[in-house]
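Input: a single structure, listed below in structure tokens.
The values are calculated or read from the model by the stated rules, or taken from the named source; none is laboratory data. It should be emphasised that the depicted structure is a prediction, and the values quoted were computed from it without experimental measurement. Virtual Cβ from ideal backbone geometry, glycine too; neighbours counted across all protein chains shown. Just the protein is used for accessible areas: all its heavy atoms, side chains included, with ligands, DNA and RNA removed. Shrake-Rupley method; radii C 1.70, N 1.55, O 1.52, S 1.80 Å.
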Amino acid sequence: MTTLPAPVARRRTFAIISHPDAGKTTLTEKLLLFGGAIQLAGAVKSRGEQRRAHSDWMKVERERGISVTASVMTFEYADKTFNLLDTPGHEDFSEDTYRVLTAVDSAVMVIDAARGIQAQTRKLFEVCRLRDMPITTFINKMDREAQDPFDLLDEIEQSLQIDVTPAAWPIGMGSQFLGCYDLLNDRLILMDKAGRGEKPHQTETCNGLDDPKLDELLPEHAVTELREQVEMVRGLCPEFDLNAYLEGNMTPVFFGSAINSFGVGELLAGLVEHAPPPRSQPSVEREITPDESKVSGFVFKIQANMDPKHRDRIAFLRLCSGHFKRGMKLRHVRTDKQLALNNAVLFLSRDRELAEEAWAGDIIGIPNHGNLHIGDALTEGEDLHFKGIPSFAPEHLQAARPTDPMRAKHLGRALQQLAEEGAASVFKPRVGADWIVGVVGVLLFEVLADRIRTEYDVPVQFEQTSLITARWVDAADDNLMKKFIRANETALADDHKGDPVFLARNAWHLDRAGEDWPDVKFLATKEQVA
């Protein structure tokens, strides 16, 4: 096995995935708190300053109390450098999450203890499975009424077809929830509840289930139940197998209450101990390994207007190999131009600091003015085209019009930037003046209207169209493609990259086009290889 350079071996780059309202953003805050990156955690549903969760920095996120865009946070803990990517839980923003999952080496799956596996959790789990990604499970909200822990384990195993092994075991639930027993290290660690936004203080601990201290620290019924349940767990569940976890076939399960900081320390310790360092990344040409000396990376996300005072755009670059140093020049493979990276940044959500250096596994932000697109590769010279960064055909299409017709050009610029960011698909029909905006979920129209109004000062209306879907079109024969375009001019548009798109009025329209043009491909998913 290859020996990684020490700074690369220290990296742990992971995403947090969940169904909406499972407590993902609260857990993110607590991980930052434990990692010393922040002093006071901002719960999503609390009031005043506390409401502003560090990972939810957009105005619309703070107003709605949901995450609508992925954010990156870097912190140090136990001699490891963590790059944590918080992702939107709401299914309407799932495209952003799918792209983020191409840029991480493992994931933490958060499950609501009362609700168990929900639809969006299952969808995101399947995306991780396609990449054989190691997954750690955190069952949250044990401080409320919850399902029986054995039932939850059974549901994860049966529903997701993955082996489960508890890494910790809850002591009680709801108002009787007292903490967790660390099964991997065979010890109880009780913590006081502290203030909800503060890191709890570690109190007395004990070693092993036979330690008499256990009887002093816990009520009699809780000790009896804990000893019985741990014995059952050890008889029923397989032992933790590091290789099975790293191959994506086994998930260690932690229980806790993120809002009360229970179980968060154990989860973080588990990630320190078991989460993988940077993994190899696939490209069209070859596999890129993290121990290579030359720098390479790919853009998996563009974010506009992180600083509302400046019309900035930040490209999020996952470094796949090499040692990046500030000021170095990298080749932008798609345009074959050299970029001098003097102002690349590292993130704590919206806060940034200049990146003097970075290693494989790190996420750096590159300020740019629309030159970088999702899927673009940056290298020290080699022609590389990274694979697996998806774009999805939108499921909902509406026409965008400025409230003030004099602001039409400004609206076009705003839509172009949001399309480059990956927030929505934007199409300019070959015939007609309106812009057509496509999204995966309808809530995105509200978010886009709000962002265009507040960030670009262009009040906008979204209106229903007779269109049902869009398909990218492609053909091996250039002449055939030209014939198709001439014959279907009124149903064609261009996306923000200038690629042709077929806008279908109904299912029959799409099917008929496919029958009439059997050698033209109508693509619902487009891999962004640049």
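Considering (1) open to solvent by 10 Å² or more (accessible area, probe 1.4 Å); (2) closer than 30 Å to LEU160 by Cβ; (3) modelled with pLDDT of 95 or more; (4) part of a strand (DSSP E or B), the lone condition that PRO252 does not fulfil carries the number (1).
Of all residues in region 384-398, one or more are under 22 Å from the mean Cα position of the chain (by Cα), open to solvent by less than 60 Å² (accessible area, probe 1.4 Å) and modelled with pLDDT of 85 or more. Of the candidates GLU266, GLU285, GLU353, the single residue that is at pLDDT below 95, over 20 Å from the mean Cα position of the chain (by Cα), farther than 19 Å from ASN371 by Cβ and part of a loop (DSSP other than H, G, I, E, B) is GLU285. Of the set (1) modelled with pLDDT under 85; (2) assigned to a helix (DSSP H, G or I), all apply to THR28 but (1). Pairs linking a residue in region 211-224 that is part of a helix (DSSP H, G or I) to a residue that is of a type in the set (S, T, N, Q) and modelled with pLDDT under 85, with Cβ atoms under 9 Å and 6 or more positions apart or on different chains, are LYS213/THR205; LYS213/ASN207; LEU217/THR203; LEU217/THR205; ALA222/GLN176. Every condition in (1) modelled with pLDDT under 90; (2) in contact with a His (Cβ under 8 Å, 6 or more places away or on another chain); (3) open to solvent by less than 40 Å² (accessible area, probe 1.4 Å) holds for ALA491 except the one numbered (1).
Among PRO278, PRO238, which is in contact with a helix residue (DSSP H, G or I) (Cβ under 7 Å, 6 or more places away or on another chain) and either β-branched (Val, Ile, Thr) or at pLDDT 90 or above (or both)?
When all the criteria are applied, what remains is PRO278.
Within region 260-286, restricting attention to residues that are hydrophobic (A, V, I, L, M, F, W, C) and open to solvent by less than 40 Å² (accessible area, probe 1.4 Å), the residue that is nearest to THR205 (Cα to Cα) is PHE262. Determine, yes or no, whether ALA423 is assigned to a strand (DSSP E or B) and buried (at least 22 other Cβ atoms within 10 Å of the Cβ). Answer is no for this residue.
Residues that are touching an Asp or Glu at 6+ places or on another chain (Cβ under 7 Å) and in a strand (DSSP E or B) do occur in region 510-523, at least one of them. Of all residues in region 96-111, none satisfies being modelled with pLDDT of 90 or more and over 21 Å from the mean Cα position of the chain (by Cα). Exactly one residue among GLU76, GLU157, GLU126, GLU145 is under 30 Å from LEU190 (Cβ atoms), part of a helix (DSSP H, G or I) and of a type in the set (D, E, K, R), and that residue is GLU157. Applying a threshold of 8 Å to beta carbon distances and a minimum spacing of six or more residues, or different chains, the list of pairs starting in region 305-323 at a residue that is in a strand (DSSP E or B) and ending at one that is modelled with pLDDT under 55 reads ILE314/MET306. Just so you know, in region 148-164 the residues that are in contact with an Asp or Glu (Cβ under 8 Å, 6 or more places away or on another chain) and open to solvent by 10 Å² or more (accessible area, probe 1.4 Å) include one that is farthest from PRO252 (Cα to Cα), and it is GLU157. Listed by first and then second residue, the pairs linking a residue in region 414-437 that is over 14 Å from ALA449 (Cα atoms) to a residue that is among the aromatic types (Phe, Trp, Tyr), with Cβ atoms under 8 Å apart and 6 or more places separating them unless they lie on different chains, are PHE427/TRP435; LYS428/TRP435.
Does PRO88 meet the test of being assigned to a loop (DSSP other than H, G, I, E, B), surrounded by fewer than 22 Cβ atoms within 10 Å (Cβ to Cβ), at pLDDT below 85 and of a type outside the set (D, E, K, R)? Please lay out each step first, then the result.
On the way: assigned to a loop (DSSP other than H, G, I, E, B): yes; surrounded by fewer than 22 Cβ atoms within 10 Å (Cβ to Cβ): no; at pLDDT below 85: yes; of a type outside the set (D, E, K, R): yes.
Answer is no for this residue.
Could you count how many residues in region 219-229 are crowded, with 16+ Cβ neighbours inside 10 Å and at pLDDT 90 or above? So the count comes out to 1.
Residue check: is VAL447 surrounded by 13 or more Cβ atoms within 10 Å (Cβ to Cβ), aliphatic (A, V, I, L, M) and out of contact with any Phe, Trp or Tyr (no Cβ under 7 Å at 6 or more places or on another chain)? Spell out the reasoning first.
Numbers: surrounded by 13 or more Cβ atoms within 10 Å (Cβ to Cβ): yes; aliphatic (A, V, I, L, M): yes; out of contact with any Phe, Trp or Tyr (no Cβ under 7 Å at 6 or more places or on another chain): yes.
Against the criterion (surrounded by 13 or more Cβ atoms within 10 Å (Cβ to Cβ), aliphatic (A, V, I, L, M) and out of contact with any Phe, Trp or Tyr (no Cβ under 7 Å at 6 or more places or on another chain)), VAL447 qualifies.
To keep it simple, each residue is scored yes or no on (1) among the charged types (D, E, K, R); (2) part of a loop (DSSP other than H, G, I, E, B).
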position: ARG401; (1), (2): yes, no
position: LEU418; (1), (2): no, no
position: VAL431; (1), (2): no, yes
position: GLU446; (1), (2): yes, no
position: ARG451; (1), (2): yes, no
